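*Asks:* The structure's right below; bear with me while I get my questions together.
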């Protein structure tokens with residue numbers, strides 16, 4: 001039993017690497033070893049399916065559950081590491097292929113081997129073969145190829161000419177790719193535990209909104225912004241957009257990072273399109289404004305640190321809202337007047353940041 005558990009942990013590590021940038025270093029030999037581990041799991045699953053293996057299967061399930069409770073959090077270098085579920089043992093090859101096909105960093109040998117596995121599975125290798133299974137596998141493979149190719153092209157485009165202002169063709173394509181990937185996760189909901197689903201959504205969206213450490217790639221926030229600004233006929237993509245917006249509004253750090261990076265005009269457009277975003281955006285601007293302190297020697301409002309938004313940047317945010325559609329401007333003006341009244345309702349400059357913002361915007 002201990003040997004089996006150790007082997008399962010090693011394959012879990014293989015899967016975590018297949019999801020990570022380290023998959024770029026896999027050569028043919030390393031790819032073959034990874035698929036050998038997947039084959040071992042599938043053989044183990046078949047043995048446990050036998051009528052005489054009920055007790056062994058129950059014992060393994062119990063040990064896996066105990067291991068999951070005792071396991072510490074995933075190491076930072078392998079954030080996708082997780083213990084496998086008993087039901088996943090027979091899907092080792094599928095899990096490995098899914099990781100490699102959807103990882104833009106995967107090496108060419110890894111990607112081609114995964115594609116070959118899918119072609120083999122679609123032609124009847126798996127027990128669930130048949131026309132419907134073949135069509136589903138072919139569609140998944142086609143989506144993965146498009147995502148991988150488009151991701152590389154978008155990175156080159158963003159690296160040479162980062163999009164500015166309104167969402168352009170490059171950004172719209174990034175939003176469509178993100179929506180497709182979220183929709184793929186939605187299609188898998190019935191096959192995963194709720195906590196696994198939530199982790200998968202969070203990882204996809206975190207890739208679109210990196211942590212605010214100042215090292216984001218050009219355009220790295222554009223896919224999520226494009227998805228939220230996207231308009232489609234009927235209900236196409238509405239569930240994916242709702243999931244993305246819910247995650248963004250529930251993660252204060254991601255929201256602040258996105259609002260620091262996107263052009264103010266784009267944030268104003270998001271406010272007009274998604275009122276729930278606009279309400280949280282105004283609250284964020286309010287927090288930034290309260291943090292400013294008036295420097296009498298320089299006669300200007302100063303942030304508490306260089307990392308925090310400046311007075312000029314805060315004014316840019318409100319100017320973009322002021323120039324937006326009437327509902328957006330009215331909401332921003334109402335918010336500023338309420339804040340000005342709460343701060344003493346002064347009319348002279350240099351006393352209240354909200355008074356000074358209204359004076360500037362009135363010019």
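Quick note: the coordinates plus some simple rules give every number you see, no bench work behind them. If you're wondering where the values come from, they're calculated on a predicted model, not measured in any experiment. Counting neighbours? That spans all protein chains shown, and the Cβs are built from the backbone with ideal geometry, glycine included.
*Asks:* Out of the residues in segment 271-303 meeting the condition of being free of Cβ contacts under 8 Å to residues at least 24 places away in the same chain and touching a strand residue (DSSP E or B) at 6+ places or on another chain (Cβ under 7 Å), tell me which one is nearest to residue 338 (Cα to Cα).
*Replies:* 293
*Asks:* Can you tell me which of 242, 268 is part of a helix (DSSP H, G or I), free of Cβ contacts under 8 Å to residues at least 40 places away in the same chain and within 18 Å of residue 172 (Cα to Cα)? Outline the logic, then answer.
*Replies:* Details: 268 fails: free of Cβ contacts under 8 Å to residues at least 40 places away in the same chain.
After applying the criteria, what remains is 242.
*Asks:* With the requirement that a residue be under 18 Å from residue 102 (Cα atoms) and surrounded by fewer than 16 Cβ atoms within 10 Å (Cβ to Cβ), what does segment 1-21 give you?
*Replies:* If the condition is that a residue be under 18 Å from residue 102 (Cα atoms) and surrounded by fewer than 16 Cβ atoms within 10 Å (Cβ to Cβ), then 13, 21 are the ones that fit.
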